[in-house]
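Below you'll find the structure, written out as structure tokens, and then a few comments.
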Amino acid sequence: MTQPLRLGIAGLGTVGTGVVKIIRQQAALLTKRTGRSIQISAVSARSRAKDRGVSLSDYGWEDDPVALATRDDVDVFVELMGGAEGSAKAATEAALAAGKDVVTANKAMLAMHGQALAELAESKNANIRYEAAVAGGIPIIKALTEGLAANEISRVMGVMNGTCNYILTRMEATGQGYNVLFDECAKLGYLEADPNLDVGGIDAAHKLALLSSIAFGTKVDFAGIEIEGIQRVTLDDITHAADMGYRIKLLGVAQKTGRGLEQRMMPCLVPAQSPLGVLEGGTNMVVVEGHAVEQVVLRGPGAGEGPTASAVMGDICDIARGLRLPVFGQPAATLEAAPVAQSVLPAPYYLRMALTDKPGALAKVASALGDAGISIDRMRQREHDGDVATVIIVTHKTARPALDEAMTSMDSTGVVQENPVAIRIEAL
Ligand code: NAP
Ligand code: HSE
């Protein structure tokens with residue numbers, strides 16, 4: 001019989017314990033499907049004493065993840081600690097340098113060091129697999145690198161952070177405040193060790209950077225992404241957007257333009273009844289557009305123990321079966337550095353502003369937009385609060401720099417009370 005595949009698992013938190021449970025509970029199924037027994041040789045975490053709700057007594061223990069990564073009885077190093085630097089990176093490098101395959105869920109590490117790690121892996125004929133790093137349980141890395149390999153990809157977009165989608169949709173559904181919902185995300189195991197990465201849009205941008213690299217054959221370029229988190233999205237905006245037939249999503253888009261690769265991760269309005277608009281809770285969705293396939297939409301749970309462990313196990317099964325692929329879908333040395341394009345593609349925008357309720361105020365705003373070449377599609381005035389009225393405008397398509405110019409001239413009219421809120425509208 002083929003030799004067992006022997007794992008060293010570093011990190012026994014939400015994802016790591018989920019992986020241990022699947023290996024223990026599905027041993028027969030995994031062997032049947034891969035033709036090999038999948039075994040854990042040893043594990044590592046910070047605290048050996050912590051009760052993790054799963055028995056670890058059959059496995060060796062290493063305090064140091066680097067020692068685990070280089071053990072003779074470890075064929076595959078499974079990195080589930082997290083963090084772009086530190087132990088995760090050191091142990092991953094040690095495993096690759098020793099010619100061992102690595103499976104990881106660590107988008108932060110790959111977004112920052114993906115190119116160097118891919119080069120190291122390929123120089124050692126080792127593999128890095130990272131399905132769990134993007135969109136939790138959705139097999140999007142596999143879809144892009146394998147099923148869609150023959151397509152020239154024009155656009156990749158999606159909702160890729162379960163925490164943000166949970167908070168935004170539950171705010172609308174329940175009217176509950178941000179802090180209550182944030183605590184629920186912690187209980188569900190969605191949050192990063194530093195939750196600012198989630199709500200700041202950075203975690204989702206890490207994921208987008210990885211998808212862009214595979215889709216466009218470019219070096220991972222996290223620094224080239226325009227990022228804005230959900231911290232400034234208010235319940236008022238969610239309600240006004242709903243009144244106009246939209247929902248607010250933290251949406252990532254990577255698209256080739258005539259001026260380079262545009263990558264953005266920011267709150268956007270999407271039509272409420274569109275596939276993206278109806279996504280609830282921790283669900284993620286990734287949309288890929290290719291010249292031959294046209295459009296593929298993948299939807300599924302984006303975070304949490306089971307879905308993420310499922311994705312990790314998919315990678316482990318592929319390694320057990322002997323499947324070997326370049327890390328980003330083509331040899332790392334052939335990935336190109338794409339010129340960065342920002343705010344090139346025009347879009348309609350939602351504008352919320354507080355206007356002084358006096359004759360001519362609206363005309364001044366309309367003329368600031370008109371002077372910048374921006375046409376108004378729809379407008380609503382909300383109830384007054386004293387002598388201030390909230391006005392919502394939906395523009396026709398415009399470039400962001402023109403909108404910024406219009407907002408600057410509005411500021412000098414003296415009728416706009418606070419900085420207007422501008423949110424891009426994306427259609428699927
Ligand atoms: P977690 O619950 O915080 O678990 C992290 C684990 O790593 C803990 O067991 C911790 O040990 C261990 N650890 C941390 N630093 C260590 C070190 N220096 N040496 C040894 N062990 C160390 O995190 P998680 O949610 O499972 O996430 C793990 C990875 O999966 C991260 O890269 C994350 O971005 C990614 N991910 C998570 C999800 C999700 O839904 N949670 C989804 C997709 C991807 P102790 O338990 O002893 O403290
Ligand atoms: N913190 C991440 C999220 C985990 O909320 O989507 C999945 O990558």
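The values are calculated or read from the model by the stated rules, or taken from the named source; none is laboratory data. The structure displayed is predicted, hence computed values, not measured ones. Neighbour counts run over all protein chains shown; Cβ positions are idealised from the backbone, glycine included. For accessibility, only protein heavy atoms count, side chains too; no ligands or nucleic acids. Shrake-Rupley method; radii C 1.70, N 1.55, O 1.52, S 1.80 Å.
I'd like to check something: does segment 240-248 contain any residue that is at pLDDT 95 or above and closer than 23 Å to Glu131 by Cβ? Within segment 240-248, not a single residue is at pLDDT 95 or above and closer than 23 Å to Glu131 by Cβ.
Would you confirm whether any residue within segment 208-225 is open to solvent by 10 Å² or more (accessible area, probe 1.4 Å), more than 24 Å from Ala84 (Cα to Cα), touching a strand residue (DSSP E or B) at 6+ places or on another chain (Cβ under 7 Å) and aliphatic (A, V, I, L, M)? Looking for residues that are open to solvent by 10 Å² or more (accessible area, probe 1.4 Å), more than 24 Å from Ala84 (Cα to Cα), touching a strand residue (DSSP E or B) at 6+ places or on another chain (Cβ under 7 Å) and aliphatic (A, V, I, L, M), one finds none in segment 208-225, hence no. Selection of segment 252-289 for residues being polar (S, T, N, Q) and not in a strand (DSSP E or B) yields Gln273, Ser274. When we screen Ala372, Ala406, Ala366, Ala422 for residues that are in contact with a Phe, Trp or Tyr (Cβ under 7 Å, 6 or more places away or on another chain) and either of a type outside the set (Phe, Trp, Tyr) or farther than 20 Å from Glu228 by Cα (or both), the only hit is Ala422.
Residue check: Glu289 meets all listed conditions (1) within 16 Å of ligand 1 (Cβ to nearest atom); (2) under 22 Å from Ala205 (Cβ atoms) but one, namely (1). Is it the case that Ala143 is modelled with pLDDT of 95 or more, away from ligand 1 (no atom under 13 Å from the Cβ) and under 25 Å from the mean Cα position of the chain (by Cα)? Criteria met by Ala143.
Thr169 - would you say it is among the polar types (S, T, N, Q), at pLDDT 95 or above and farther than 22 Å from Val312 by Cβ?
Answer is yes for this residue.
When we screen Met1, Met81 for residues that are modelled with pLDDT under 95 and aliphatic (A, V, I, L, M), the only hit is Met1.
For Ala193, the stated conditions hold: it is more than 14 Å from Asn161 (Cβ to Cβ) and either under 16 Å from the mean Cα position of the chain (by Cα) or open to solvent by 10 Å² or more (accessible area, probe 1.4 Å) (or both).
Which one is nearest to ligand 1 (Cβ to nearest atom) among residues in segment 3-14 that are part of a strand (DSSP E or B) and not small (Gly, Ala, Ser)?
Initially, segment 3-14 is screened for residues part of a strand (DSSP E or B), giving 5-10.
From the residues that got through so far, the ones that are not small (Gly, Ala, Ser) too are 5-7, 9.
Details: Leu5: 21, Arg6: 19, Leu7: 15, Ile9: 10 Å.
In this case the residue turns out to be Ile9.
Residues in segment 137-164 that are in a loop (DSSP other than H, G, I, E, B) and closer than 29 Å to Ala98 by Cβ: Pro139 alone. Entry remark, segment 165-191: residues being within 24 Å of Leu235 (Cβ to Cβ) and not in a helix (DSSP H, G or I) number 6 in total. Name the helices (runs of 4 or more DSSP H) wholly within segment 15-128 that hold at least 3 residues that are surrounded by fewer than 19 Cβ atoms within 10 Å (Cβ to Cβ)? Because the criterion is at least 3 residues that are surrounded by fewer than 19 Cβ atoms within 10 Å (Cβ to Cβ), the helices (runs of 4 or more DSSP H) in segment 15-128 that meet it are 27-34, 86-97, 107-123. Being within 30 Å of His291 (Cα to Cα) and open to solvent by 40 Å² or more (accessible area, probe 1.4 Å) holds for only one residue in Gly162, Gly137, Gly147, and it is Gly147. Would you say Lys249 is part of a strand (DSSP E or B) and open to solvent by less than 10 Å² (accessible area, probe 1.4 Å)? The answer is yes for Lys249.
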